[in-house]
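Everything on this sheet refers to the single structure shown next.
The values are calculated or read from the model by the stated rules, or taken from the named source; none is laboratory data. From a predicted model like this one, the values you see are computed outputs, not experimental measurements. All Cβ positions, even for glycine, are placed from backbone atoms using ideal geometry, and neighbour counts span all protein chains on display. Quick note on the areas: whole protein, heavy atoms, side chains included, nothing else; ligands and nucleic acids left out. Shrake-Rupley method; radii C 1.70, N 1.55, O 1.52, S 1.80 Å.
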Amino acid sequence: MLYKELIDEYGWNDIHSRILRKTTGEVEQALNKNRRFTVNDFMALVSPAAAPCLEQMAVLSRKYTQQRFGKTIQFYVPLYLTNSCMNHCVYCGFNHNNDIKRIILTDEQILQEVKAIKNIGDFRHVLLVTGENPRDAGADYIENAIRIVKPYFSSISIEVQPLKEEEYKRLTNAGLNAVYCYQETYNKQHYKTYHPKGMKSKFDWRLDAFDRMGKAGVHKVGLGILIGLEDWRTDASMMAFHLRYLQKTYWQTKYSISFPRMRPHEGEAFQPNIVMSDKELAQLIFAFRIFDHDVELALSTREDKSFRDHMTTLGITSLSAGSKTDPGGYAVYKKELEQFAINDDRSPADVLSAVKSQGYEVVWKDWDLSLQ
């Protein structure tokens, strides 16, 4: 049974109600465990009843993170290849309706970006990002980009449109290490409100992509929800169910969780339906670490430097640094259009200094691959 079939069994409204009914006793029971954490425990840890236990959760999150990952933080850098997109996502700057200059980097321009990235930091892990344009920037274009950057990076990840199983296999053979694909929200009933047109409007096709990655033998798979669309506690719990399903079904694959909070963007003035506080985001990060000691937890430059610095020692294992979220942003073009506005504009050297000041070391390449 695929997760798209299980998600209907769980039921959004039922999960939401279960979270709100969690008691202080259930939170304490979850916090007193040291293994075999269930999604039921996770729901207790993200519930309103757990809010007074934030300090205790932080202590446990730090403990489990250091036990598994040591005092290290992995650095990665995004490289945006194109802002061309056929989707009409109401919250995104790359929305097909936005009247902007569309860019698809050439081979030469990709190399210019790579050289510029290497000049700002010793990055070994690159995340290739595209809008969703299967015709002009599909699997063939992505495979070519992987082959271009492969000599310069020891780990290559992608965040692109969902692909076919055979395309994931082909990209893996070309040098791909990880795929990040965000469902955005697991609320199937409301999903199309945010994704009215384009391939991204197909909820099941996107959700099934994770199974296609697993079947294709992708080394690492990244999950995430866009915080601000729907109730974050319910969405995160559905993602926790999804993570457990994937771990059981594709047990040889490694997994990562990201926590993007909605940021300002170009186009229609869509405002978040849910505004998540820093304390609530911290609670979610701690809950995921307590729930799963092995999963990687990533935080991008969407968050400000103060919050990122605090989370460095409390559960996060991966940080982006020096990010440009527009194609060609490092060297080719001064500025076209960002997918989202960054909130931590420090240089990689400054972020490195902040990490080291807290007694942590930076791993410049993929954390998991560095252990092999």
- Failed condition for Thr253, given (1) open to solvent by 20 Å² or more (accessible area, probe 1.4 Å); (2) of a type in the set (S, T, N, Q); (3) at pLDDT 95 or above, with all others met? (1)
- Task: Show the residue pairs that are 6+ apart or on different chains and have beta-carbon atoms under 7 Å apart, the first residue being within segment 178-201 and at positive phi and touching a residue at least 40 places away in the same chain (Cβ under 8 Å), the second being outside any strand (DSSP E or B) and not aromatic (Phe, Trp, Tyr).
- Result: Glu184/Leu226; Glu184/Leu229; Gly198/Met86; Gly198/Asn87; Gly198/His88; Gly198/His96; Gly198/Glu132
- Item | Filter result for Ser157 (in contact (Cβ under 8 Å) with a residue 60 or more places away in the chain, open to solvent by less than 10 Å² (accessible area, probe 1.4 Å), within 28 Å of Arg308 (Cα to Cα) and part of a helix (DSSP H, G or I)) | no
- Give me the pairs, please: first residue somewhere in segment 209-224 and without any contact (Cβ under 8 Å) to a residue 40 or more places away in the chain and among the aromatic types (Phe, Trp, Tyr), second residue anywhere and buried (at least 19 other Cβ atoms within 10 Å of the Cβ) and part of a strand (DSSP E or B), beta-carbon distance under 9 Å, and either six or more positions apart or on two chains. none
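Restricting to segment 157-175, give me the number of residues that are under 15 Å from the mean Cα position of the chain (by Cα) and not small (Gly, Ala, Ser). Steps first, please.
Residues of segment 157-175 under 15 Å from the mean Cα position of the chain (by Cα): 157-162.
Narrowing further to those that are not small (Gly, Ala, Ser): 158-162.
So the answer is 5.
Determine, yes or no, whether Ile100 is under 29 Å from Ile227 (Cβ atoms), touching a residue at least 24 places away in the same chain (Cβ under 8 Å) and among the β-branched types (Val, Ile, Thr).
Yes: the conditions hold for Ile100.
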- Query: With respect to the numbered conditions (1) touching a helix residue (DSSP H, G or I) at 6+ places or on another chain (Cβ under 8 Å); (2) under 23 Å from Leu127 (Cα atoms), which one is the sole condition not fulfilled by Ala282?
  - Reply: (2)
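With a cut-off of at least 1 residues that are under 16 Å from the mean Cα position of the chain (by Cα) and either at pLDDT 95 or above or among the hydroxyl-bearing types (Ser, Thr, Tyr) (or both), name the strands (runs of 3 or more DSSP E) lying wholly within segment 282-364. Write out each step before concluding.
Details: elements: 296-299, 318-320, 361-363.
So the answer is 296-299, 318-320.
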- For segment 81-130, which residues satisfy the criterion of being touching a Pro at 6+ places or on another chain (Cβ under 7 Å), open to solvent by 10 Å² or more (accessible area, probe 1.4 Å) and either assigned to a strand (DSSP E or B) or among the aromatic types (Phe, Trp, Tyr) (or both)? Leu127
- Note on the structure: Considering segment 5-31, residues that are in a helix (DSSP H, G or I) and of a type in the set (Val, Ile, Thr), and then whichever is most open to solvent (accessible area, probe 1.4 Å), we arrive at Thr24
- Criterion violated by Glu266 - all others in (1) at pLDDT below 95; (2) in contact with a His (Cβ under 8 Å, 6 or more places away or on another chain) satisfied: (2)
- Which numbered condition trips up Phe75, out of (1) of a type in the set (Phe, Trp, Tyr); (2) under 24 Å from Ala354 (Cβ atoms); (3) open to solvent by 10 Å² or more (accessible area, probe 1.4 Å)? (3)
- Are any of the residues in segment 230-249 assigned to a loop (DSSP other than H, G, I, E, B), touching a residue at least 24 places away in the same chain (Cβ under 8 Å), touching a strand residue (DSSP E or B) at 6+ places or on another chain (Cβ under 6 Å) and not aromatic (Phe, Trp, Tyr)? no
- Would you point out the residue of segment 32-69, among those that are in a loop (DSSP other than H, G, I, E, B) and free of Cβ contacts under 8 Å to residues at least 60 places away in the same chain, that is most open to solvent (accessible area, probe 1.4 Å)? Arg36
- Query: Considering Asp309, Asp235, Asp304, which residue is closer than 25 Å to Asn13 by Cβ and of a type in the set (Asp, Glu)?
  - Reply: Asp235
- Message: Under 8 Å between Cβ atoms, which residue pairs at least 6 apart in sequence (or on different chains) link something in segment 18-31 that is among the aliphatic types (A, V, I, L, M) with a partner that is surrounded by fewer than 18 Cβ atoms within 10 Å (Cβ to Cβ)?
- Response: Leu20/Pro48; Leu31/Gln56
